[in-house]
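Q: Pasting a structure below so you can have a look.
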Amino acid sequence: MTGAIQKVIFTCTLALFVSFFALAPSTGLAQDTSSELPAPLQPEAMQKLVSDLDPEQVEALTDLMTLLQQSAAAGEAAAAAPEGPGFVAQLQMAAGNFGGMVAGHFQNLPDLFTSLFAAIGALFSGAIAGPIHILIGAIALILAAGFAGEFLVNRLMATRRDTIQNKSPESLFETVKIVSTRAGFDLGGLIIFAVIALIVARVAVFDPVTRSYALQAVFWIVFMPRLVAALLRFALAPNRSELRLVTADDPTAKSLYHNFTTLFAVVGVAFFLRNLMEGAGTDAGGTFRFFVGFGVNAWIIAVIWKARHGLTSIILGDEHDPTSGLERMARFWPYFSMAFIAFNWLLVQFTASMGVDALTAGRSLAVIALVVFAPFLDTMVRGIVSHIVPPMQGEGPVAEAAHLQTRHSYVRIARVALLAFLVLVVGRIYGLNLLALGGDDGSAVARNSVIFLLILAAGYLAWEITNLWVAHQLAKDSPPAESQDDDAEMGGAGKSRLATILPLMRVVLQITIITLTALLALSQLGINITPLLAGAGVIGLAIGFGAQTLVQDVVSGVFFLMDDAFRLGEFIDTGGTQGTIEKISIRSLQLRGTKGAVHIVPYGQIPKLTNLSRDWVIMKLKFTVPFDTDVEKVRKLFKKIGQEIMEMEEFKDDLLAPFKGQGVADVDDVGIVVRGKFTTKPGKQFGVRKEIYKRVQRAFEENDIQFARKEVRVQLPENTNLDDKQKEALASAAAAASAAETGKPPA
């Protein structure tokens, strides 16, 4: 063991000296070093030292010296290598290449026309696809056979077509069914056309070159525009607005249909001419593709600009009350589409100037088609959502708002999924596998970026799921809206306990989701979140010490909610402040007073809480009758009135105990005070009270019972002779004296 350690130490020491002398030439210290070496390290001493080594040490020393020499050579090469251009220089170089390419294309315009005419001349001379008359005959034969087959299929389906043509849909489902059937007939006819055309071309056209060009002409100039027209008829139905799957007026639908059909016909002719130029060997480089691409993109931008208002209507759809976000997106999308189309064309040309051919014309056209038809996909998403959204649960405005919130959440989730799909497809078209960037084989920056976006998407999904769950529970637990009497002084029955707590739970969950999503996203970007957590703890501690009133309010509110002391919609008394609960926050209550005033009451300032809307309400009514009234008769009248009201449709479900008399409650200087009472659901007592007052007044009149009035009686001696004026003056004086005694003005 000791010998091995000694060998290692010896080897390391020797390596240090050898490395010093190996690196000496690069540092200028190797000039005549043999004469300056100390005696122990003279060449003779070195040779003697090496001769004393065993074979293993010599081999290790040789390998070490070889490695050091390779490292020194690599260092010298790296030092001698020139530095590459910087980012700004590379950008200037790329911009120069792009400008040079554009200028070159304009300079090549004469050559382009020369090449194009040469290719057309070679076609008519028979140098490309054989004799021109044979090519034209082959094209005519293929078209005739294809159209004949398609005509026979349409004749067989004529009855069904006429049925669809004359049938008017009554629902969205029938509209989709009719349009899908019609599109199936159209596409089926095109498939028959293509199959028969291929078979006839294979059987009747013997020259493979002639057959190839004939099929190219049929495909690009005839089949492709008809296929696009069939797809546009499916979505736009330009001639039948009742079958239109999108919300667009007739001018917009017809304009989009005719413009895009004509555009693809022109594109088909351009592709056929490009093949002719390649076949004739007169291809003018990328000049033809440059100008065709420019013309196609400019055409699409012009079509979108002309139909921008119609595209906005398509995105808005049939929303009667669209959200502000949907309105902004609908107005913004046409302009975004035009900007993106211009950017896509510039990107294709810019990459072409750098020698990158990944973004071909076909890929560029596919990306443009996705962007242009994104509003149609959004309409399709809304249509699907309208069928999968669960029906509204419960009744009333709360249930309606919850159902609307559920529908909006479904639409937003579907739009996020649609956007993710479009981004992935566009990335694929551009040659980027965005999903693979998040794998272990992707770069660190790309992987972290993809994971960052996934975290944001997961947080948004959690947010929407929270909204969906809360909306579902609110719709299920909220009773329908009930009309309240104009004379009502207090709120009716409150909502359920869950409906009261759910809004607070939603706020807490949303804050938690935002916090966790932000922290995880920042962590994925490489930001150290430990100081943020520590700072949040310090801030929370400072708030706890410095805002004791706030903490008291929050803690008191938690215990009030745990005790189920109040619910939304209930009428409460917080020790001097009364009102109906309209809103509950983490710190305070919002009460609507009987006169319309809004009271904000912090939980910590509620000494006691009286709930006047829980379970049932007893209302007691007092009536003052003269002293000579038959109290038993009054009791029977009250009982009869209570039975009549219990049988009324308006009140029978709200009365828990009928109105009945309670006998004499008091006797004052005016008369006898009789009392009656009844029990109702919270908030329903006022309508019953109004009906009872009306019926008691009528019953008293029918039975000659008068309500007692306050009277002042003046007793005069029997032999007093006073005229009417004197009696009236005496009565006024007595009334004034009585009023002065009681503190009330005379009646």
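No value in this document is a laboratory result; all are computed from the given coordinates. Not measured: the values here are computed from a predicted model. Cβ coordinates were reconstructed from backbone atoms using ideal geometry, including for glycine residues, and neighbour counts include every protein chain displayed.
Q: So which of Lys620/Lys660; Lys595/Lys677; Lys639/Lys677 end up more than 21 Å apart by C-alpha?
A: Among Lys620/Lys660; Lys595/Lys677; Lys639/Lys677, the Cα-Cα distance tops 21 Å for Lys595/Lys677.
Q: Please get the size of the charge dipole for the stretch 617-702, origin at its Cα centre, with Cβ charges of +1 on Lys and Arg and -1 on Asp and Glu, quoted in debye to the nearest 20.
A: 300
Q: Percent relative contact order of the stretch 538-613, based on C-alpha pairs within less than 8 angstrom and at least six residues apart?
A: Rounded, it is 30 percent for the stretch 538-613.
Q: Under a point-charge model restricted to the Cβ atoms of Lys and Arg (+1) and Asp and Glu (-1), what is the dipole moment magnitude of the stretch 514-669 relative to its Cα centre, in debye to the nearest 20?
A: The dipole of the stretch 514-669 has a size of about 360 debye.
Q: At most 14 other Cβ atoms within 10 Å and a DSSP loop assignment: could you name the trypsin sites (Lys or Arg not before Pro) in the stretch 562-621 that fit?
A: Within the stretch 562-621, the qualifying trypsin sites (Lys or Arg not before Pro) (loop, at most 14 other Cβ atoms within 10 Å) are Lys595, Lys608.
Q: Can you work out the base-10 log of I(q)/I(0) for the stretch 143-226 at q = 0.14, 0.15, 0.19, 0.21 1/Å, using the Debye formula on its C-alpha atoms alone?
A: Listed by q, the Debye log ratios stand at -0.58, -0.63, -0.84, -0.94.
Q: Then there's this: Considering amide H positions built from the backbone, and no H for Pro or chain starts, which residues 5 or more places from Phe678, or on another chain, come under 5 Å of its amide H?
A: Under 5 Å from the amide H of Phe678 lie the amide H atoms of Met619, each far enough along the sequence or on another chain.
Q: Compare the peptides 124-135, 265-276 by average per-residue count of other Cβ atoms within 10 angstrom and give them in order, highest first.
A: 265-276, 124-135
Q: A follow-up question, please. Only Lys, Arg, Asp and Glu count, each charged at its Cβ (+1, +1, -1, -1), so figure out the dipole size of the stretch 538-613 about its Cα centre, rounded to 20 debye.
A: About 200 debye.
Q: What list do you get for Val367, Val558, Val381 if you sort them by fewest beta carbons within 10 Å?
A: Final ranking by Cβ density, sparse to dense: Val558, Val381, Val367.
Q: While we're here: Pop out the Kirkwood hydrodynamic radius of the stretch 551-634 from its pairwise C-alpha distances, inverse of mean 1/r, in Å to one decimal.
A: Value: 14.8 Å, from the Cα pair sum.
Q: Determine which lysines satisfy two conditions relative to Lys725: a Cα distance under 23 Å, and not lying fewer than 8 residues away in the same chain.
A: Hits, sequence-local ones excluded: Lys710.
Q: At 20 °C and a viscosity of 1.002 mPa s, what translational diffusion coefficient does Stokes-Einstein give for the stretch 617-702, taking Rh as the Kirkwood radius over Cα pairs? Give it in µm²/s as a whole number.
A: Here the translational diffusion coefficient equals 164 µm²/s.
Q: Same structure, new question: Can you classify the stretch 94-166 as rounded, prolate or oblate using the Cα gyration tensor, where a ≥ b ≥ c are the square roots of its eigenvalues, rounded means a/c under 1.5, and otherwise it's prolate if a/b beats b/c and oblate if not?
A: oblate
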